[in-house]
Structures are given as C-alpha cells and as structure tokens.
1. Working carefully through the options Lys342, Lys401, find the one that is open to solvent by 30 Å² or more (accessible area, probe 1.4 Å), in contact with a helix residue (DSSP H, G or I) (Cβ under 7 Å, 6 or more places away or on another chain) and of a type outside the set (S, T, N, Q).
2. Quick one: in the stretch 441-465, which of the residues that are open to solvent by less than 30 Å² (accessible area, probe 1.4 Å) and not in a loop (DSSP other than H, G, I, E, B) is nearest to Pro414 (Cα to Cα)?
3. Determine, yes or no, whether Asn296 is within 26 Å of Ala118 (Cβ to Cβ), surrounded by fewer than 23 Cβ atoms within 10 Å (Cβ to Cβ) and of a type in the set (S, T, N, Q).
4. Within the stretch 313-321, identify whether any single residue is closer than 23 Å to Gly172 by Cα, buried (at least 19 other Cβ atoms within 10 Å of the Cβ) and at pLDDT below 95, and answer yes or no.
5. Does Asp289 satisfy being in a loop (DSSP other than H, G, I, E, B), more than 21 Å from Thr51 (Cα to Cα) and charged (D, E, K, R)?
6. Does Pro329 satisfy the criteria of being open to solvent by less than 40 Å² (accessible area, probe 1.4 Å) and touching an Asp or Glu at 6+ places or on another chain (Cβ under 6 Å)?
7. Can you name the condition, by its number, that Asn316 falls short on among (1) more than 19 Å from the chain's Cα centre (by Cα); (2) part of a strand (DSSP E or B)?
8. Which is surrounded by fewer than 20 Cβ atoms within 10 Å (Cβ to Cβ), touching a Gly at 6+ places or on another chain (Cβ under 7 Å) and modelled with pLDDT under 85, of Thr93, Thr87, Thr139?
Amino acid sequence: MSLSKTWRWNTLIAAVMAGAFVLPAQLATAQPAAVPTPAEADDPAAGPDQTIRMKVGISQQELADLRAQGREAREQGHKSLPVPAPTTQPDRTAPAKPAKKAAEPLTVLEADRASKQAAADNARQAAQGLRTAADPIPTPEHHRGWVPIGEMPHEDRLNACLDGDAADKGIGRVYNRFTYCARWNLQVEYWEIDSKGVPVEKEGTTSAVWRVFGQGDAKDRRVRIFSQIEKDSVDYDWGPIDNIFVAPGVPLSLMGQCSQDFDVCGAGPGSYTMPWATWDNNPIWANWDIYNREQNSEGRDKISYNQWYVEAFTDNEEYTTLNRAETPPRLMRCDSATYFNKGKAKYPKACIFSEVTPHLTYTRGTTHHAVAEHLYIAFNQPRSTYPLLAPPGQPWPRDKKIPGKYDPVNQDAPGLHRITKKLHPDETKANKDHKDGACFKTGPQRDLYRDTGLPNGTNPGEQCDEYPFASTLEGAGNASWDFSVKSVPAKDNRVAGGMLREYYVDDRMLAWDKGLDRPAETNDRFYMKID
C-alpha cells in the first residue's frame with residue numbers, strides 16, 4: 001500500500017472546546033443568534049483554548065502491514081520509518097464538495113447579527129483576561145486593508161497575526177477584515193477495528209498544532225484559506241517502537257470547505273494528503289479558495305454571507321474516520337460594490353472576515369492631534385461642544401447624543417454609516433448645510449444656529465471640523481443625532497480626513513443602502529477609537 005495515495009474523505013463530526021463560537025445551521029430571525037454549547041468540551045475553568053478531536057479506526061491488516069514495514073526498516077538500520085519528503089505539490093485530487101449536509105443559507109440580517117455577537121463575545125473574553133485582545137485595525141500602515149494573494153500566506157501578515165496568543169483563543173484572530181488566523185490543538189485517537197469496523201483496541205494518539213490563515217480578496221468574491229500542521233509540533237503516544245516506526249507513516253488529509261450549498265458558495269481544489277511525519281517537516285501550506293456566488297445576494301451591493309471551515313480526516317479501505325475533525329465554521333461577507341478605489345486601482349468585488357467590530361483609531365499627540373482631541377471631548381464632555389442645545393442662559397432640554405464611540409463589548413452600540421455624494425446627495429447636502437450654519441452662521445440653516453453655533457467661526461489657519469463626519473448618515477444633518485463642531489488646525493484636519501478616506505477602502509466599509517431588509521441593522525457600521 002502506498003502511504004502517499006489520496007485517502008477518501010467521507011467522514012466525521014467536530015468536537016470543539018468551550019468558548020469557541022460555533023454558528024448553528026439556521027439562526028433565529030426574531031432574536032440575535034445565541035452562542036451554542038459545544039458538543040464536547042474540556043474543563044470550562046481552563047479557559048477558551050481550542051482543542052479539536054478526531055477518532056480513526058485502522059484495520060487489523062493495515063496495522064500488520066505498518067508494523068511489518070517498521071520491522072523491515074529496523075532490520076535495515078533505519079532510525080525511523082522512511083516517509084516521503086515534503087513536496088510543493090501534495091495530492092489534491094479528492095472531490096472539493098462538502099462531506100456532510102450543507103448548512104442553511106444565511107440572510108444578511110442573520111449573518112450580520114451573528115458577526116456582531118461573535119465580535120462582542122471575543123471582546124468580552126479579552127476584557128475578562130481569558131484571551132489576548134487583537135486590534136482589528138493595526139497601527140502600521142502596511143498592515144491595513146488588502147494585500148495580493150499568493151500560493152503561500154503573505155509573510156508579514158502571517159507573522160503579525162500569529163504573534164502572541166490571540167490566535168489561540170476565542171474565535172481566533174481577525175487581524176483586520178482582510179486577514180484571519182487561528183491555532184488549534186488537534187488530537188487524533190487511532191483504534192484497531194475488526195472486520196465490521198467496530199473499535200476493539202486503542203493503538204495510540206497523535207497530537208499536533210493545526211494552523212489556519214485566511215486572506216480576503218479585494219478583486220474577487222473569494223477568500224483564500226491556508227492550513228498546515230505547525231512544524232515540529234507533532235507528538236506520538238503509541239508506545240516506544242510504534243512512535244518511531246508506525247505512527248509517523250499514518251496519512252493525514254486536510255481540506256477547505258464551505259458550509260452552505262453550491263448555489264451559495266464553493267471550495268476548491270481537493271484535499272492535501274501526506275503522512276504525519278511529512279506534515280511535521282513541511283514548510284508548504286495547503287490552500288483553498290472559498291468562492292461566494294453573486295446570484296444569491298441582497299441589496300444594491302449584492303451582499304452575501306457564507307461560512308467556511310477546514311476539515312482533517314484519514315480514510316480509505318484500511319482507515320475509517322470515526323469522527324471528523326473540523327475547525328468551527330467562520331463567517332465571511334462578500335459584495336460587488338463598485339465605488340472602492342485608491343487612485344487608479346479599483347476594487348469592484350471583495351470578501352472580508354466579518355466577525356469583528358470595525359473601527360478607526362485617532363491618536364492624540366500625533367499629526368492629527370486636534371481632531372482626535374475634538375472627538376475625545378465630543379464623546380466624554382458633549383455638553384461643552386458647539387453647537388449648544390440651547391442658547392447661553394437657557395436650560396438645556398437634555399444631554400447631547402453623539403454616536404460612534406468604540407465599545408467592543410456592546411454589539412448594539414450606535415455606530416456610523418458611510419454615505420457618498422453620488423449615492424446620497426440629499427444627506428450629503430443636509431450635512432453641509434447644518435455644518436455651515438453651526439460653524440459660520442451661513443447657508444440655509446444659519447438661523448438655526450445663530451445663538452448656539454461657534455461664537456467666532458474659525459481661527460486663522462484653521463478649519464471647521466465636524467463630528468459625526470460629513471461622509472456619514474449620522475452627520476450634522478441627521479435629526480436623530482447631535483453633532484459637534486470645532487476650529488482645528490487645517491493640517492490636522494487634512495491628515496484625519498485622509499485617514500478616514502483610506503479607512504473606508506482598507507476596511508471595505510459599504511455605503512448605506514436603504515433597500516436592505518431592516519437597514520438600521522444590516523448596513524455596515526463603524527466606530528471611532530480615541531487613544
């Protein structure tokens with residue numbers, strides 16, 4: 001029997017440790033999706049570290065053959081069982097289709113709720129010290145947004161995402177909306193099975209660190225998922241002789257999958273299959289593209305969600321996977337919005353990892369200090385900001401309501417929604433008219449702010465900064481929310497404005513679409529974090 005042959009993949013059931021978020025096949029529409037209880041879990045007191053288990057049966061004849069090969073190797077003076085060397089072209093001929101019943105399609109409303117809940121749950125774990133927090137918009141500019149996808153993971157993103165232990169806990173790590181990573185402890189029990197496939201005796205356990213890395217695309221409706229067994233992480237517990245001459249030669253297959261049916265998403269190519277010893281010394285990553293179908297989408301930007309996962313198995317005539325190992329399904333969101341570009345570069349389609357609270361960070365004491373300070377005051381001392389809610393000397397009817405403050409543990413925190421001049425001309429004009437009235441006491445709204453706007457307009461060399469931004473639905477013209485204006489240095493305002501424009505592209509922030517079902521819940525929203 002050849003150890004490098006492709007092993008059929010009809011297998012399995014995942015068992016994931018407590019704390020990992022597992023999206024059910026069909027989410028309730030009346031209430032936000034609940035985090036289900038894993039089917040099998042370790043001691044909850046141990047925290048949300050992730051272990052995935054698999055059980056494989058080996059036929060009695062196959063065990064005899066493996067041990068015969070081991071004896072031959074020992075007789076020839078080998079120190080271990082010879083196995084194929086690492087290769088850049090693993091066998092990938094197994095069919096790229098789900099090995100289990102497809103999950104139900106997800107509506108935008110269902111998937112959006114699930115994404116927000118997963119992000120909030122992840123943040124709560126960080127706040128409780130159960131995991132390492134991971135800022136989804138890292139500070140270094142070259143770590144923002146999309147990077148081209150190759151046959152191997154983008155090295156800088158891979159190293160940054162896996163740095164520390166954020167990838168080991170919770171949902172893994174959404175480094176930014178185009179980058180995801182996770183590490184899992186994989187434990188596989190091997191049992192001798194009789195001619196009827198019934199386990200009769202445990203032969204041993206193989207354990208390893210299983211790594212997953214994902215890159216979203218900004219030019220197509222796909223993500224590329226990479227996976228490997230971490231180098232030098234494989235341990236065998238089969239007994240002194242079998243650890244050397246049997247266990248390393250047992251094959252393992254990895255395959256990327258989409259959870260929904262083919263009319264929603266597709267995954268390919270097929271499986272990568274190599275012996276454990278080869279995985280343990282192999283620098284090559286297996287990879288699969290998870291494509292999302294545009295025909296099953298919603299709204300102006302053709303939004304669609306699906307789940308993806310990676311499965312591990314060992315299966316053929318001699319091996320029977322008794323329960324499959326699967327990483328918990330993660331959500332991806334895809335769109336075909338046509339208004340994203342940087343200079344001449346256009347990004348008409350994209351898929352991102354949605355289980356994160358999108359936010360932009362402004363930092364005081366930097367080149368945009370004055371704007372960051374303005375937002376800090378607006379969030380924390382709103383009554384001190386202009387325009388006032390009542391003229392001086394008059395009682396205020398209430399406190400100001402200013403949305404968009406970053407609160408990662410609150411999935412219902414009021415956020416900001418992007419608008420554009422082309423798609424939202426009325427809202428854009430209203431924001432400008434109210435800003436001009438509050439800043440300069442000019443324009444059609446000047447009388448509204450005659451006694452409450454900036455007393456002296458802007459200072460020389462400064463500009464009038466408004467928050468919420470003019471490019472948001474919650475801007476100065478929105479009757480449901482209050483706003484703040486302040487005279488700030490023109491250079492600070494230009495830097496902050498440039499950061500916002502870059503952020504919209506880097507985080508694939510979709511513009512407000514009134515045509516979506518329950519638009520207040522299903523539209524993209526983002527937040528501002530002030531450091």
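1. Working: Lys401 fails: in contact with a helix residue (DSSP H, G or I) (Cβ under 7 Å, 6 or more places away or on another chain).
Unique residue meeting the criteria: Lys342.
2. Let us first name the residues in the stretch 441-465 that are open to solvent by less than 30 Å² (accessible area, probe 1.4 Å), namely 443, 449, 452-454, 457, 464-465.
Still in the list and also not in a loop (DSSP other than H, G, I, E, B): 449, 464-465.
Values: Tyr449: 25, Cys464: 24, Asp465: 21 Å.
Out of the qualifying residues, it is Asp465.
3. Details: within 26 Å of Ala118 (Cβ to Cβ): yes; surrounded by fewer than 23 Cβ atoms within 10 Å (Cβ to Cβ): yes; of a type in the set (S, T, N, Q): yes.
Criteria met by Asn296.
4. Looking only at the stretch 313-321, we keep the residues that are closer than 23 Å to Gly172 by Cα, and these are 313.
Subsequent filtering for residues that are buried (at least 19 other Cβ atoms within 10 Å of the Cβ) retains 313.
Filter once more, keeping what is at pLDDT below 95: 313.
Yes: one or more hits.
5. Working: in a loop (DSSP other than H, G, I, E, B): no; more than 21 Å from Thr51 (Cα to Cα): yes; charged (D, E, K, R): yes.
So Asp289 does not fit the description; no.
6. Values: open to solvent by less than 40 Å² (accessible area, probe 1.4 Å): yes; touching an Asp or Glu at 6+ places or on another chain (Cβ under 6 Å): no.
The answer is no for Pro329.
7. It fails just one condition, (2).
8. Working: Thr87 fails: touching a Gly at 6+ places or on another chain (Cβ under 7 Å); Thr139 fails: touching a Gly at 6+ places or on another chain (Cβ under 7 Å).
Of Thr93, Thr87, Thr139, the one residue that is surrounded by fewer than 20 Cβ atoms within 10 Å (Cβ to Cβ), touching a Gly at 6+ places or on another chain (Cβ under 7 Å) and modelled with pLDDT under 85 is Thr93.
The values are calculated or read from the model by the stated rules, or taken from the named source; none is laboratory data. Note that the coordinates shown come from a computational prediction; the quantities given were computed from them, not determined experimentally. Don't worry about glycine lacking a Cβ; one is built from the backbone with ideal geometry, like all the others, and counts go over all protein chains shown. The area values use the complete protein model at the heavy-atom level, side chains included, leaving out ligands, DNA and RNA. Shrake-Rupley method; radii C 1.70, N 1.55, O 1.52, S 1.80 Å.
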